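Note sheet for the following structure.
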Amino acid sequence: MSRRALVFGGSGAIGRALVGRLLAAGWTVDALSRVARPSQPGLHWHLGGFDALPALPDRVDAVLSCGPLDHFSLWYADAGPAGARVVAFGSTSDATKQAADDPDERALAARLREAGDRLFAAADARGAAATLLRPTLIYGHGSERNLGRVVALARRRGVFVLPADAGGLRQPVHADDLAAAALAAIDAPAAAGRAFALPGGETLRYRDMVARTLAVLAPPPRLLTLPAPLFGVALRLAHRAGQLQGLPAGAVARMREDLVFDPAPARAAFGYAPRPFLPEASMFPD
Ligand SMILES: NC(=O)c1ccc[n+]([C@@H]2O[C@H](COP(=O)([O-])OP(=O)(O)OC[C@H]3O[C@@H](n4cnc5c(N)ncnc54)[C@H](OP(=O)(O)O)[C@@H]3O)[C@@H](O)[C@H]2O)c1
C-alpha cells in the first residue's frame with residue numbers, strides 16, 4: 001500500500017517540487033492551500049489555511065511543511081497526527097538575521113528559532129521524529145522573493161545598481177534540490193531529531209549572483225556598480241522617491257556580508273547534493 005503524506009505549503013516553490021517528487025515516488029498526497037486547486041490521481045487538495053483549517057486526515061505516514069514554520073509548529077504542537085514523520089522547512093535567516101539592525105528582521109529570526117524549538121518539543125512529546133531543514137536563499141520556478149525582487153527592479157529601470165563592495169558570499173539553492181532533500185530526509189534515520197542548513201551547491205559573491213541572473217534575461221538589464229559612498233547617496237534618494245519598494249533596507253546592508261553554511265552534515269545524513277547556481281529566464285516571468 002502506498003504511503004500517505006500531508007503537505008503544507010504545497011503550492012510554493014519548494015512545495016510544488018516536493019508534491020511532484022512524492023507522487024513520482026508512489027506516495028498518496030494530501031495538500032493544503034488557501035486557493036482552490038484541482039485534485040488528480042494520488043493528490044487531494046484541501047481548501048484552507050492555518051486560520052481556517054479543513055478536516056485533515058489523521059493517519060498519515062509523514063507531515064511536510066513548506067510554508068510558514070511558525071504557523072505550522074503551532075498547529076503541529078496542538079493537533080499534529082501521532083506517529084507521523086515530520087519534515088519542516090525553516091530558514092538560515094534564524095541565524096543571519098539574529099543581530100540585524102532592523103527590529104522586524106530580528107523578530108523574524110526569533111520567531112523562526114522559537115518555532116523550531118516548539119516543533120522538536122512537540123515531536124518529542126509524541127514520540128515522533130522531526131527534521132528541520134534550513135535553506136539559504138531560494139531560487140527556482142515559482143520563487144518570487146529574493147532574486148525575483150532584484151529582477152523586477154532591474155526590469156523596471158533597465159539597469160540594476162549595486163555598491164562596488166557588494167561582495168558578500170551567497171549560496172543560492174534551487175527549490176527542487178530542497179524538495180529532493182525533504183524526500184530523502186523522511187527515510188534517513190540520521191536526519192531524525194536534527195536541524196540542517198541546506199545551502200546551494202556553489203558559493204559566489206553577491207554581485208556575481210546578480211550578474212549571472214541578469215545575464216539570462218532578454219533583454220539583459222545592465223548591472224552598474226557605484227563606489228560605496230555614492231551608492232549610499234543614490235540609495236537614500238531612491239528611498240525618498242519611493243522607488244525601492246520590495247527591497248528591505250537590511251537586504252542592502254547584507255550584500256557585504258558573507259552568509260555561508262556547511263552542507264556536510266546534510267550530505268552525511270541523507271546524501272544532500274545541491275546543484276551549482278543555474279538561473280534561467282523562465283524562472284522570472286514578467
Ligand atoms: N524564499 C526564500 O528565499 C526562503 C529562504 C529560506 C527559507 N525559506 C522558507 O522555505 C519555505 C518555503 O518558502 P517559499 O518562499 O517557497 O514559500 P512561502 O511563500 O513561504 O509559502 C509557501 C506556501 O505556503 C502557503 N502559505 C503561506 N502563508 C500561509 C498562511 N498564512 N497560511 C497557510 N498557508 C500559507 C502558501 O500556499 P497557498 O497560498 O496555496 O495557501 C504558499 O504557496 C518557507 O518555510 C520559508 O520560510 C524561504
What are the residues in the range 143-156 that are touching a strand residue (DSSP E or B) at 6+ places or on another chain (Cβ under 9 Å) and more than 14 Å from the ligand (Cβ to nearest atom), if any? Leu153, Ala154
Of everything in the range 106-119 that's within 17 Å of the chain's Cα centre (by Cα) and open to solvent by less than 20 Å² (accessible area, probe 1.4 Å), which residue is farthest from Pro135 (Cα to Cα)? Ala115
Do you know which of the residues in the range 159-176 that are farther than 25 Å from Pro227 by Cα and touching a Pro at 6+ places or on another chain (Cβ under 7 Å) is surrounded by the fewest Cβ atoms within 10 Å (Cβ to Cβ)? His174
Within the range 216-231, which residues are open to solvent by 70 Å² or more (accessible area, probe 1.4 Å) and assigned to a helix (DSSP H, G or I)? Pro229, Leu230
Is it fair to say Leu153 is in contact (Cβ under 8 Å) with a residue 60 or more places away in the chain, within 21 Å of His239 (Cα to Cα), open to solvent by 10 Å² or more (accessible area, probe 1.4 Å) and not polar (S, T, N, Q)? yes
Consider Ala115 carefully, then state whether it is within 14 Å of the ligand (Cβ to nearest atom) and in a helix (DSSP H, G or I). yes
I'm trying to understand the selection: among the residues of the range 43-83, which are open to solvent by less than 20 Å² (accessible area, probe 1.4 Å) and more than 16 Å from Leu18 (Cα to Cα)? Gly48, Gly49, Val60, Leu69, Phe72, Ser73, Tyr76, Gly80, Pro81
So, in the range 177-200, exactly how many residues are outside any loop (DSSP other than H, G, I, E, B) and open to solvent by 10 Å² or more (accessible area, probe 1.4 Å)? 10
Counting only residues in the range 126-142 that are more than 8 Å from the ligand (Cβ to nearest atom) and at pLDDT below 95, the one surrounded by the most Cβ atoms within 10 Å (Cβ to Cβ) is identified as Arg126
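The values are calculated or read from the model by the stated rules, or taken from the named source; none is laboratory data. These figures come from a predicted structure and were not determined experimentally. Reconstructed Cβ throughout: ideal geometry from the backbone, glycine too, with neighbour counts over all protein chains shown. Quick note on the areas: whole protein, heavy atoms, side chains included, nothing else; ligands and nucleic acids left out. Shrake-Rupley method; radii C 1.70, N 1.55, O 1.52, S 1.80 Å.
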